[in-house]
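J.: The structure that follows is given in the form of structure tokens.
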Amino acid sequence: MSIIKCPECRSQVSTMAGTCPNCGTRISGQLRTCPNCGGYYLVTQEECPECKSPIPAPTSEECQSQTSDTPVVEENQKETPEPASSKMAIVGYLVKAVFSLFLFCLIGICVFQYQKQEKLKKELAEYKRLASITNPEFYQQFLNDYPESKHYDEIHDRMLKLQVEAKDWQQLQQGINRATVARFLQNHPGSLRQRICEDILDSIDWHDAQAIGSEEAITDYLSKHPSGLYVNEAAEKKNAMLLAKVTPAERTMIRGTLEAFFSKAIANQDIEAARQAIPDTMVNFCGKQNANAEAIVQYAREKMAKDVIGLHYIIGQQMGVRKETLPDGNTGFAVEVGLQETISRSDTNQPTSNQYRITALINQEQKIVRMNITK
């Protein structure tokens with residue numbers, strides 16, 4: 001058996017093939033060899049398809065051979081179940097079918113793994129999201145969506161704790177105070193609501209510190225809540241208190257100013273001492289507006305009756321002093337103190353003593369800006 005070109009269509013064909021698989025021309029028993037070129041031609045052809053030379057008429061032996069060969073070829077053809085090309089086609093089909101099945105299974109496995117990974121990613125994302133959620137309903141939803149999750153038991157336990165915590169939180173809302181908030185934190189350590197509770201305690205402590213209003217209360221708040229919501233406001237308030245705090249030296253200066261004013265300007269009716277004790281004028285002196293030194297001395301002289309030979313003054317020991325803004329915008333000292341007045345008379349058996357209350361405003365230059373004297 002050899003492979004030749006079909007004498008009709010020139011496609012490749014086996015010399016043992018019954019017919020050409022391309023054009024259907026009968027091959028077996030119909031081939032002859034060209035005496036000129038050695039190529040093959042059909043007995044029905046008049047010239048060689050290879051060299052195009054005329055084909056001589058077949059001899060009687062060739063015709064007999066042709067006649068005898070034909071049945072043999074047909075018999076052989078009938079005995080062959082199917083040509084080799086058909087077997088190859090079947091094998092190719094089976095290979096393609098097996099490959100297609102393998103490819104389909106591979107794609108199915110890939111799709112399954114992809115969907116599995118995507119579900120795991122979504123589960124992990126939901127699991128992480130629960131770390132900042134206090135509503136038990138979201139935990140129950142996770143358990144419903146991922147019953148096979150490795151975090152199932154953990155999420156279930158957290159849900160039960162949050163259900164109890166949610167009830168306690170509702171009770172807390174009905175009466176918020178330091179005791180109820182502290183009890184909630186004690187019963188639920190590490191709760192996601194801890195920051196809210198700390199802010200509530202922060203607000204309660206700041207409210208109490210403001211209500212007390214002392215430097216100690218503000219300092220106590222800052223020590224309890226160094227990073228509290230009101231730390232800046234508290235720091236400013238404390239700083240303002242420190243600035244407003246009267247030092248011992250300032251208290252001594254204020255007492256000296258008052259003693260000099262009463263012992264000289266009032267007791268001695270010294271007009272020069274009165275000028276030194278005030279600015280150009282007092283804003284108010286015992287009800288008199290813009291009182292000058294003369295007005296002050298006149299007030300003292302009115303105390304000198306015919307039998308009065310002297311005035312004596314003692315400033316009280318308990319003196320209230322606070323810093324206050326003056327009309328000119330500068331800082332001064334608001335003073336409130338008791339004053340004892342003793343009047344000496346020519347009749348020594350009749351001394352007179354009076355108790356007064358002094359309210360005054362003194363500036364940084366130790367000048368009395370305002371004063372009122374009442375019994």
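The values are calculated or read from the model by the stated rules, or taken from the named source; none is laboratory data. On a predicted model such as this, the values are computed, not experimentally measured, just so you know. Cβ sites come from the backbone with ideal geometry, for glycine too, and all protein chains shown count toward neighbours.
J.: Has segment 338-345 got at least one residue that is more than 30 Å from P248 (Cα to Cα) and either loosely packed, with under 13 Cβ neighbours inside 10 Å or touching a Gly at 6+ places or on another chain (Cβ under 7 Å) (or both)?
T.: Yes - at least one qualifying residue is present in segment 338-345.
J.: Please specify each residue of segment 171-205 satisfying the condition of being buried (at least 16 other Cβ atoms within 10 Å of the Cβ), assigned to a helix (DSSP H, G or I) and either more than 26 Å from the chain's Cα centre (by Cα) or among the hydroxyl-bearing types (S, T, Y) (or both).
T.: Scanning segment 171-205 gives L172, T180, D205.
J.: Follow-up. Of the residues that make up segment 257-270, is at least one part of a helix (DSSP H, G or I) and within 30 Å of G213 (Cβ to Cβ)? Walk me through it before giving the result.
T.: Initially, segment 257-270 is screened for residues part of a helix (DSSP H, G or I), giving 257-266.
Then keep just the ones that are within 30 Å of G213 (Cβ to Cβ); that gives 257-258.
So far as segment 257-270 goes, yes, one or more of its residues are part of a helix (DSSP H, G or I) and within 30 Å of G213 (Cβ to Cβ).
J.: Does S60 qualify as being modelled with pLDDT under 90, surrounded by fewer than 10 Cβ atoms within 10 Å (Cβ to Cβ) and on the phi < 0 side of the Ramachandran plot? Even if it seems obvious, please write down each step before you answer.
T.: Values: modelled with pLDDT under 90: yes; surrounded by fewer than 10 Cβ atoms within 10 Å (Cβ to Cβ): yes; on the phi < 0 side of the Ramachandran plot: yes.
Here the answer is yes, as S60 does meet what is asked.
J.: Just to verify a result, which residue in segment 13-30, among those that are within 21 Å of E47 (Cβ to Cβ) and not in a loop (DSSP other than H, G, I, E, B), is modelled with the highest pLDDT?
T.: R26
J.: When segment 299-321 is examined, which residues are found to be farther than 19 Å from K367 by Cα and outside any strand (DSSP E or B)?
T.: R301, E302, K303, M304, A305, K306, D307
J.: Residues in segment 322-347 that are touching a residue at least 24 places away in the same chain (Cβ under 8 Å), part of a strand (DSSP E or B) and of a type in the set (S, T, N, Q): how many?
T.: The total comes to 4.
For (1) under 21 Å from T359 (Cα atoms); (2) crowded, with 17+ Cβ neighbours inside 10 Å; (3) acidic (D, E), each residue gets a yes or a no:
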position: E233; (1), (2), (3): no, no, yes
position: A244; (1), (2), (3): yes, no, no
position: P248; (1), (2), (3): yes, no, no
position: T252; (1), (2), (3): yes, no, no
position: L258; (1), (2), (3): yes, yes, no
position: S263; (1), (2), (3): yes, yes, no
position: N268; (1), (2), (3): no, no, no
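J.: Of the residues D153, D168, D157, which is surrounded by fewer than 11 Cβ atoms within 10 Å (Cβ to Cβ) and either assigned by TED's automatic domain parsing to the domain that holds H207 or modelled with pLDDT of 90 or more (or both)?
T.: Just a single option satisfies the conditions, and that option is D153.
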